[in-house]
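Participant: Below is one structure. I have some questions about it.
The numbers here are math on the coordinates, done by the rules we state, and not lab data. Just so it is clear, the model here is predicted, and its values are computed rather than measured. Note that each Cβ is placed from the backbone with ideal geometry, even for glycine, and that neighbours are counted across all protein chains shown.
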């Protein structure tokens, strides 16, 4: 067993909650991958005579207003929600950290320019930005991903910038220079691995936000549209029925959404512990 | 024999608002191949700036640096990385904890300059060279897989030394390499450094404020104060026949094991400011226990006192 | 004569997840009024742990498992310590800039101490603060009182810390590596200052340092520590003329000084034992060139080898 595997096992054993979060994340990934193949009912098949039935053994989560099985829809929705959030966070992370690294390293005018850009982005509320992009480029899932990515970019840029400028004067950076590393190599191979641990927590928190963002946007009709199952849409559709007593239509998708975000949040600490070598004994 | 390092009139100035800070002001010296030269001075004397110019991470404002006959001070620091001299001038840092990348194992730390400056390597040849270096500094091979926080202070210091020796430098600058170490480990490291110097023929520039250690390891010593070299000479000349009042004050302040509070040369007042200093007044004037009017009117220039002993003081050799 | 401070057979453990660290074992040391006692040792010797225990500022995981600390004859408990700290017992630390509050002007920090322990307020506190600053030889004290730590050099910050410590004229000052990291000339000036102020007020000082030369120069008596044990205590001249413990002798031999060359420095073999495991009665035994079977006797004997010269060794030199 390599040192890394041993360390991962140690972290998980130390912290059962982290282990639980990892298990939850694993489950979400599995459902995203094979969900559509294992669901009992076709998520798109409507059967209006079966509409709005409360949870039963056949339909553990009940049926919605078009008679579709909510459980199947919730499971299938996992794939698209995960896709959106992972894609958005990945884009955010890559571009945000690059901007932050560059700004933090070079300082001066470059840093100020990055700072202005980040400030501008932060001034936009997500919905305004998303609507703007949709209005300009059309209502598609890809555009929603871009909007979410842009909105979350400042978190990474600022964190990367702070961590980089804090370490810029460190001995090991000067040592790297004396060892023949140019600026690019220092940023990528010497500094970046060191700023990664705090960014890990940020990534996982962002995954949670990204899902909420996607859900929120589809709630108002941007991005994913019916009949595609997505947790946000399902909550939106279900919201209409709460007052009339059909609580299950909104509750189950909402709960799963909440658990997914919860998982991601807990994941961050565990990931950081794994990635940061200082926590290795 | 030509000097390995020949520094002439080296200056470095930093703008501070509308004024200028003279961190290094007209420093000239040379280091012969295989020689160990100590550089002593207190905080604010400019030795860190001088060192950074010599390792070429900083550009001089004025003056020349000749390494093995070639001028290296003119091309900008950014380009120095790609010249062959990069491998020939290396440094051992003061704080072993700060100077090792926390994400690199000891092996990675030592291998990095080898990969960047020497080569080509195969996996085996690289490992062989890293093991060879570890052996040279007395670092047990099993420790190579550890991260810095899993190593003791002495072990980290050895990693730093092995890393610096990897590219086969001809000049090694050691910045207080043992100040963070316990006395018992220090002795071992100092002996190792001495032995390595004689075996590999590397020159040392040993920067330290611990004069006892400098005396042990170095052939010659230079004393720096507020950007200028105030006294240089062999260790015997400077330590036993200190001519500059600052050197005397420094020597008298070292606590000796004989327990006596010897003849202390006490310095009064605050050091002069290195910002926009007067070009006519001796930098030490005002804090110096001795002094005359001419000390404020003419900047003292280095004068020969015989042998390799030079001092920049109008009252050189005068009793405090 | 009753000592000002008496550490009597003190043992202290740290409870950690990785095991119990036996940081101090049966340490006994007394400090008389007006004297300067040095505690020397390398990193991991327990010298700082000892001082924190005396001041009552040990880590939360620390437990005193045996022994007592007595100040002016009475035993110290947590409640007493809070009152005594700052007023009768004071401490200064290594790295002064870190030990001062970075966002509070230095004058105000001194006023805080005066307010807390001497009950002075308002303008009187301000005047006393400026007075303290001039006492520690900070030039232009009126103006400097408004300065922040980051605006001052390391040496000046250390002087401010001394001012803080001495504001209420304590009877005991513990100085934990007060000059490490400072220039040699600054170090000399700071130590002169502490010495002069101590002589003025009859204050006792405990100087904790790894620098044997510094202890030799400034202390009346020196206690040598190794791995949580006090191995030898003696008057300064006795310690250097006739060291009785092999570790003391080695420590002296390995310290660079003018009269010896590189080849004469004797490194100390081995390393500190793991303080968590099972430990032999003498914690130096694994590194000692004089080790023999008799060294395993428990308890480790305490031998008087001269006037006020004590060594804890089965085979003293």
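Participant: Using Cα-Cα distances under 8 Å and only pairs 6 or more residues apart, what relative contact order does chain A have, in percent?
Facilitator: The normalised contact order for chain A reaches 24 percent.
Participant: Just report the Cα centroid separation between region A:79-139 and region C:255-295, whole Å.
Facilitator: Region A:79-139 and region C:255-295 have Cα centres separated by 59 Å.
Participant: Taking 7 Å along the Cα-to-C-beta vector as the label spot, tell me the residue A:169-residue B:75 distance in nanometres, rounded to one decimal.
Facilitator: 2.9 nm
Participant: Here's a follow-up. With each pseudo-label sitting 7 Å past Cα toward Cβ, what's the residue C:151-residue C:297 distance in nm, one decimal?
Facilitator: Rounded to a tenth, the inter-label distance reads 6.4 nm.
Participant: While we're here: Measure nothing but the geometry: give the 0 to 90° angle between the long axis through the Cα atoms of A:16-38 and the longest principal axis through the Cα atoms of chain A, rounded to 10°.
Facilitator: It works out to around 50 degrees.
Participant: Would you give the gap between the C-alpha center of region C:89-165 and the C-alpha center of region B:121-151, rounded to a whole Å?
Facilitator: With region C:89-165 and region B:121-151 each reduced to a Cα centre, they are spaced 49 Å.
Participant: Here is a further query. Helix-derived [θ] at 222 nm for chain C: sum -39500 (n - 2.57) over DSSP H runs of at least 4, divide by residue count, nearest 500?
Facilitator: My calculation for chain C gives -9000 deg cm²/dmol from helical runs alone.
Participant: Right, something else. To the nearest 500 deg cm²/dmol, what mean residue ellipticity at 222 nm is calculated for chain A from DSSP H runs of n ≥ 4 alone, each contributing -39,500 (n - 2.57), summed and divided by the residues? Write down the numbers at each step before the final one.
Facilitator: On the way: 10 runs with 203 residues, N = 281.
Dividing the helical sum by the residues of chain A leaves -25000 deg cm²/dmol.
Participant: Still on this structure, I have one more. Given the protein assembly as shown, what percent of its DSSP beta bridges are antiparallel, to the nearest 5?
Facilitator: Counting DSSP beta bridges with both partners in the protein assembly as shown, the antiparallel share is about 60 percent.
Participant: Which of C:132, C:152, A:258 comes first, and how do the rest follow, when ranked by fewest Cβ neighbours within 10 Å? Walk me through the numbers before you get to the answer.
Facilitator: On the way: C:132 27, C:152 19, A:258 14.
Lowest to highest Cβ neighbour count: A:258, C:152, C:132.
Participant: Taking the simple approach of a point 7 Å from Cα along Cα-to-Cβ for both residue C:32 and residue C:115, what is their distance in nm?
Facilitator: If labels sit at residue C:32 and residue C:115, their model points lie 4.1 nm apart.
Participant: Efficiency by 1/(1 + (r/R0)^6): what FRET value for residue A:30 and residue B:122, r their Cβ-Cβ distance, R0 = 35 Å, to the nearest 0.05?
Facilitator: That gives a FRET efficiency of 0.25.
Participant: How do A:93, B:14 line up, fewest other C-beta atoms within 10 Å first?
Facilitator: Lowest to highest Cβ neighbour count: B:14, A:93.
Participant: Tell me the mean residue ellipticity at 222 nm calculated for chain B from its helices only (DSSP H runs of n ≥ 4, each -39500 (n - 2.57), averaged over every residue, nearest 500).
Facilitator: It lands at -9000 deg cm²/dmol.
Participant: Suppose R0 equals 60 Å. What FRET efficiency, 1/(1 + (r/R0)^6) with r the Cβ-Cβ distance, do residue A:38 and residue C:101 give to the nearest 0.05?
Facilitator: Calculated value: 0.45.
Participant: Also, quick follow-up: Would you list A:34, C:206, C:21 from fewest to most Cβ contacts within 10 Å?
Facilitator: In increasing order of surrounding Cβ atoms, one gets A:34, C:21, C:206.
Participant: Just to be sure I understand: with springs between alpha-carbon atoms less than 10 Å apart, which residue in B:184, B:28, B:273 has the highest mean-square fluctuation in the Gaussian network model of chain B?
Facilitator: B:184
Participant: Need the full-extension length gain, residue C:196 to residue C:235, defined as separation in residues times 0.36 nm minus the C-alpha distance. One decimal, nm.
Facilitator: 12.0 nm
Participant: Find the centroid of the Cα atoms in region A:213-263 and in region B:178-222, then give the distance between the two in whole Å.
Facilitator: After rounding, the separation between the Cα centres reads 70 Å.
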